[in-house]
Amino acid sequence: MSNRKSRSRQTGVPMITEEQINDLVLQLHRLLPELGNNRHSGKVSASRVLQETCSYIRNLSKEVDDLSERLSQLLESTDSAQAALIRSLLMQSETTSCNISFAPSVTHATSKLRLGSLPVELTILEDKDIQTIAVSYFEELFTTTKPEAFEESLAEVQTLITEQINNFLTAPATEGEVRTALFMMHPEKAPGPDEVLIANIRKAEREKLITGIKVANACPPVSHLLFADDSLFFCKANKDQCEVILGILKKYEAVSGQQINLLKSSIQFGHKVDDDIKEEIKSTLGITNIGGMGSYLGLPESLGGSKTKIFSFVRERLQTRINGWSAKFLSKGGKEVMIKSVAAALPTYVMSCFRLPKTITSKLTSAVANFWWSSNGDSRGMHWMAWNKLCNSKSEGGIGFRNVDDFNSALLAKQLWRLITVPDSLFAKVFKGRYFRKSNPLENIKSYSPSYGWRSICSARSLVNKGLIKRVGSGTSISVWEDPWIPAQFPRPAKSNGSVADPSLKVNDLIDSRTNFWNIDLLKAIFDPEDVALISAIHVGVPTKEDSLGWHFTKSGQYTVKSGYHTTRLEKLETNLNYFGPDINPLKAHSWKVQCPPKIRHFLWQILAGCVPVTENLRKRGIDCDTGCARCGAPEETINHTIFQCHPARQIWALSQIPTAMGIFPTESNFANLDHLFWRIPSEFDSSAFPWIIWYIWKARNEKIFENIDTDPIEVLRLAEKEAQLWQSAQVDLHNENHGSVDLVNRIRVRDVSLESNYSGYRCFVDGSWKGSDKFSGTGWFCTSSNGEPPTMGAANLRRSLSPLHAEVEALLWAMKCMIGADNQEVAFFTDCSDLVKMVSSPTEWPAFSVYLEEFQSDREEFLSFSLSLISRRANTKADNLARKVRTEPLHITYVNNIPQEWLF
């Protein structure tokens with residue numbers, strides 16, 4: 001049974017067209033200036049002005065609501081995607097169940113012009129009147145109508161509110177809390193699922209009054225699903241169970257004041273339900289709408305037949321959106337923003353649930369590529385480079401666009417990862433009971449008639465396996481030669497040095513049980529030297545700690561879509577690195593860091609990528625044109641000639657503040673010339689204007705080609721330098737304006753600490769030092785006391801850990817043990833590592849450090865008062881200096897208060 005709160009599924013409504021939207025925009029542009037000029041003079045009333053568009057807006061209100069609803073569906077969370085997968089699986093079951101949809105009536109029946117999502121009359125009012133309307137609107141929306149029968153409905157709700165929580169909840173609300181709460185809610189929808197409703201549904205299920213649906217015998221029964229703004233209820237298709245659920249909803253109406261909108265409610269039956277029973281249930285519930293054949297949360301409810309046809313709506317939606325953008329008026333920088341923020345995000349929700357067919361993804365890619373290369377929006381333009389190369393990251397020479405297939409894999413891998421790491425979730429229980437009840441989701445087990453959702457998730461197995469690593473706890477369940485437990489670039493089993501070794505060797509066999517540390521002699525005897533260093537850097541857990549699975553390509557050990565996508569691209573990039581000669585990717589990567597407008601950064605990248613339409617390149621692409629230079633008459637116009645060696649260009653460079661010299665700059669290679677501009681100009685020369693000089697040289701060339709205008713080189717240079725100066729001044733002003741807000745963001749992100757002289761207890765500053773080529777990691781701490789005692793300090797080097805963050809954690813743990821040994825029970829610790837602060841405050845989100853965090857939690861209990869705060873590096877120089885000094889020592893060494901004199905600050 002399904003309760004869709006305020007989701008309208010009306011049929012027969014024509015789709016809003018691009019022409020209608022443009023017509024509305026033109027009307028508003030025509031009317032608003034008249035309103036602004038004449039409102040206060042009394043010549044034209046706001047009511048009369050707006051009435052001209054009122055009827056038009058009314059006619060489109062339903063279509064606009066539909067578009068808004070579908071847009072909101074794109075922003076649903078991953079959890080809703082998982083619920084959608086469950087729902088699609090439930091809908092495929094051949095059962096005698098029914099699925100009924102209810103919606104509370106919270107909307108107004110009258111048709112009114114909507115401004116800012118609030119229904120107001122046609123007259124523009126003063127601020128005070130608008131405030132009154134807003135207050136009365138929300139009072140009406142959230143005021144219940146004679147609630148009753150509280151005791152019976154609340155009897156099943158478990159008491160969870162403590163006295164402390166109750167005091168917090170009953171305290172007067174602040175303005176910020178009210179604002180946050182209001183903007184979290186849709187203006188015309190219920191706040192969300194209510195525990196009272198669910199508690200009573202569960203009670204009915206326990207008392208066998210309703211029966212949930214099962215996908216398979218091993219699956220848990222599902223009586224309800226709650227996600228997004230919707231609630232779905234499932235029961236057997238008989239009158240008695242439907243009346244039970246309807247009765248619970250009626251009681252909930254009486255308590256909450258909400259009302260069910262039967263016109264928006266729908267019902268869906270199993271395939272084996274007789275027509276007579278269907279009619280009886282529809283009559284009992286008062287619902288006539290039949291669901292199941294449309295779309296839900298932007299996804300098709302039925303996935304039978306050709307997947308290319310089913311998912312064609314994704315391509316159509318993207319094409320419609322792109323066609324609404326004017327390529328003629330967007331620079332490359334503007335196009336990049338539109339593609340990355342809108343076009344790439346449009347199919348995200350669909351791709352997080354299902355694998356899109358290759359036919360669809362290729363058309364999505366083609367539509368975006370045509371928009372990128374087109375200069376006027378009417379043609380596909382000249383595609384100067386393969387789209388897959390543009391999808392490389394900017395650090396690898398691309399632009400960082402998303403490859404649709406790889407991004408689809410990364411999104412689906414998120415679902416697979418949830419099945420692995422959250423086995424107690426309903427999502428995992430349902431899929432486990434149906435598809436892998438006696439194994440795990442990574443095993444390739446054939447299933448009878450698997451759903452398309454499950455097949456889509458399984459297609460991401462290869463990606464998950466690339467980054468899956470077994471974290472060493474006790475090591476008893478990890479096979480040395482078969483399981484991926486070595487933290488190399490890609491997780492893998494250990495590599496032997498060629499000696500004879502036990503094929504059934506487990507990782508715990510490599511640990512000395514007396515010291516609970518690695519048996520270094522044994523490691524050297526059987527493993528490759530590279531692996532010896534990696535294994536010895538792994539922190540060993542207590543013998544009782546279980547081994548676990550983790551994701552290798554994030555610091556925290558949790559899978560993220562971003563890291564999954566990067567992993568897919570990284571592997572493909574490595575397979576394509578078969579060229580020889582100088583690598584120009586560092587030049588391309590640096591072009592994105594040049595301080596200039598985005599359109600000029602794009603042009604610098606185009607010069608390096610060879611994507612500039614000079615006549616030489618045009619002839620290579622089959623365009624018949626004169627190869628000569630139109631400005632100086634040179635026989636061939638190349639990119640380097642146009643920007644650096646054409647006579648007008650040489651004059652501009654010679655007149656600029658950038659020094660020129662024969663054989664140094666400019667040269668015959670545009671790569672060498674840009675390398676010189678990026679990195680080789682002496683600091684005493686002001687070279688900041690060179691991007692604008694390049695840009696306006698190109699603009700002058702185009703004026704000659706297309707308008708036959710010869711521009712004086714001095715004018716070109718002056719224009720370039722003036723534009724550079726104006727842009728740089730604007731950046732300084734912008735930085736000054738935003739400096740305070742940046743500080744505010746930092747204070748919110750991490751705790752801001754003022755190191756005042758008045759404090760109680762002890763302050764301990766900690767730091768770690770790590771370098772991949774060194775033998776040891778360094779740890780240091782510096783402690784001061786509020787009672788005037790001399791400061792204490794310590795420094796120690798440990799075997800090199802896996803990363804700088806590991807060194808920071810080890811430094812904190814060692815400092816804590818030193819404080820415990822000194823009986824310092826009230827200690828405030830300070831670090832300059834933000835990740836360490838996040839880790840300590842949210843330990844469950846950092847499974848890669850679970851061994852460390854268990855040790856940390858045990859030591860933390862020894863303190864009467866403990867805190868860890870973030871400070872700047874400038875405030876942590878003493879601990880940093882100690883860690884750096886001890887790291888470079890040739891032998892293992894520990895200092896506590898007997899620091900060498902030359903190390904002191």
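Descriptive notes on the structure:
- Listed conditions (1) under 43 Å from the mean Cα position of the chain (by Cα); (2) surrounded by 12 or more Cβ atoms within 10 Å (Cβ to Cβ) are all met by Trp903, apart from (1).
- If only residues of region 682-700 that are hydroxyl-bearing (Ser, Thr, Tyr) and surrounded by 13 or more Cβ atoms within 10 Å (Cβ to Cβ) are counted, the one that is farthest from Phe665 (Cα to Cα) is Tyr696.
- Residues satisfying the stated conditions in region 783-808, i.e. in contact with a Ser or Thr (Cβ under 8 Å, 6 or more places away or on another chain), crowded, with 20+ Cβ neighbours inside 10 Å and farther than 21 Å from Asp835 by Cβ: Cys783, Gly794, Ala795, Ala796, Asn797
- Against the list (1) part of a helix (DSSP H, G or I); (2) in contact with a Pro (Cβ under 9 Å, 6 or more places away or on another chain); (3) closer than 30 Å to Lys438 by Cβ, the condition Arg202 fails is (2).
- Test: residue in region 634-642 that is surrounded by 14 or more Cβ atoms within 10 Å (Cβ to Cβ) and in contact with a Phe, Trp or Tyr (Cβ under 9 Å, 6 or more places away or on another chain): yes
- For region 228-262, a tally of residues being in a helix (DSSP H, G or I) and of a type outside the set (A, V, I, L, M, F, W, C) returns 10.
- For beta carbons closer than 8 Å, sequence separation of 6+ or different chains, a first residue in region 777-805 that is touching a residue at least 12 places away in the same chain (Cβ under 8 Å) and over 18 Å from Phe765 (Cβ atoms) and a second that is outside any strand (DSSP E or B) and among the hydroxyl-bearing types (Ser, Thr, Tyr), the qualifying pairs are Arg799/Ser536.
- Within region 820-837, the set of residues being in a helix (DSSP H, G or I) and closer than 12 Å to Leu864 by Cα comprises just one member, Ile820.
- When Lys282 is tested against (1) surrounded by fewer than 19 Cβ atoms within 10 Å (Cβ to Cβ); (2) touching a strand residue (DSSP E or B) at 6+ places or on another chain (Cβ under 9 Å); (3) touching a residue at least 40 places away in the same chain (Cβ under 8 Å), just one condition goes unmet, and that condition is (3).
- Options Arg380, Arg418; residue that is farther than 18 Å from Ile360 by Cα, among the charged types (D, E, K, R) and without any contact (Cβ under 8 Å) to a residue 24 or more places away in the chain: Arg380
- Filtered residues of region 448-464 (kept if within 20 Å of Ala84 (Cβ to Cβ) and over 24 Å from the mean Cα position of the chain (by Cα)): Ser449, Pro450, Ser451, Tyr452, Arg455
- Region 167-204, residues that are under 30 Å from Val222 (Cα atoms) and at pLDDT 75 or above: Glu195, Val196, Leu197, Ile198, Ala199, Asn200, Ile201, Arg202, Lys203, Ala204
- Within region 656-681, considering residues that are assigned to a helix (DSSP H, G or I) and of a type in the set (D, E, K, R), the one surrounded by the most Cβ atoms within 10 Å (Cβ to Cβ): Asp675
One line per residue, one yes/no per condition, for (1) modelled with pLDDT of 95 or more; (2) more than 30 Å from Asp675 (Cβ to Cβ):
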| residue | (1), (2) |
| --- | --- |
| Pro493 | yes, yes |
| Pro503 | no, yes |
| Asn516 | no, yes |
| Ala533 | no, yes |
| Pro543 | no, yes |
| Glu571 | no, no |
| Tyr579 | no, no |
| Ile584 | no, no |
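- Within region 421-467, the set of residues being touching a residue at least 40 places away in the same chain (Cβ under 8 Å), assigned to a loop (DSSP other than H, G, I, E, B) and more than 30 Å from Ile486 (Cα to Cα) comprises just one member, Ser451.
- Unmet criterion (only one of (1) crowded, with 18+ Cβ neighbours inside 10 Å; (2) assigned to a helix (DSSP H, G or I)) for Asn388: (1)
- The listed residue being surrounded by fewer than 20 Cβ atoms within 10 Å (Cβ to Cβ), in contact with a Phe, Trp or Tyr (Cβ under 6 Å, 6 or more places away or on another chain) and small (Gly, Ala, Ser), out of Ser858, Ser869, Ser865, Ser834: Ser869
- Residues of region 277-319 that are modelled with pLDDT of 90 or more and of a type in the set (Phe, Trp, Tyr): Phe311, Phe313.
- The listed residue being touching a Lys or Arg at 6+ places or on another chain (Cβ under 6 Å) and of a type in the set (Val, Ile, Thr), out of Ile486, Ile511: Ile486
- Highlighted here are the helices (runs of 4 or more DSSP H) found entirely within region 281-345 that include at least 1 residues which are within 25 Å of the chain's Cα centre (by Cα) and within 30 Å of Ser265 (Cβ to Cβ): 312-323.
- Residues satisfying the stated conditions in region 781-817, i.e. touching a Gly at 6+ places or on another chain (Cβ under 9 Å), closer than 19 Å to Phe905 by Cβ and not polar (S, T, N, Q): Trp781, Phe782, Cys783, Met793, Gly794, Ala795, Ala796, Ala811, Ala815
- Matching entry among Lys332, Lys328, Lys358 (being modelled with pLDDT under 90 and of a type outside the set (Val, Ile, Thr)): Lys328
- For region 643-655, the condition of being modelled with pLDDT of 95 or more, of a type in the set (A, V, I, L, M, F, W, C), crowded, with 18+ Cβ neighbours inside 10 Å and within 25 Å of Met385 (Cα to Cα) holds for at least one residue.
- Taking the listed residues Asp832, Asp859, the one that is in contact with a Lys or Arg (Cβ under 7 Å, 6 or more places away or on another chain), closer than 17 Å to Leu805 by Cα and either free of Cβ contacts under 8 Å to residues at least 12 places away in the same chain or not basic (Lys, Arg) (or both) is Asp832, with no other qualifying.
- Region 701-723, subset more than 22 Å from Lys332 (Cβ to Cβ) and polar (S, T, N, Q), residue surrounded by the most Cβ atoms within 10 Å (Cβ to Cβ): Thr711
The values are calculated or read from the model by the stated rules, or taken from the named source; none is laboratory data. Note that the structure is predicted; figures quoted are calculated from it, not measured. Heads up, the Cβs are rebuilt from the backbone with ideal geometry, glycines too, and the neighbour counts pull from every protein chain shown.
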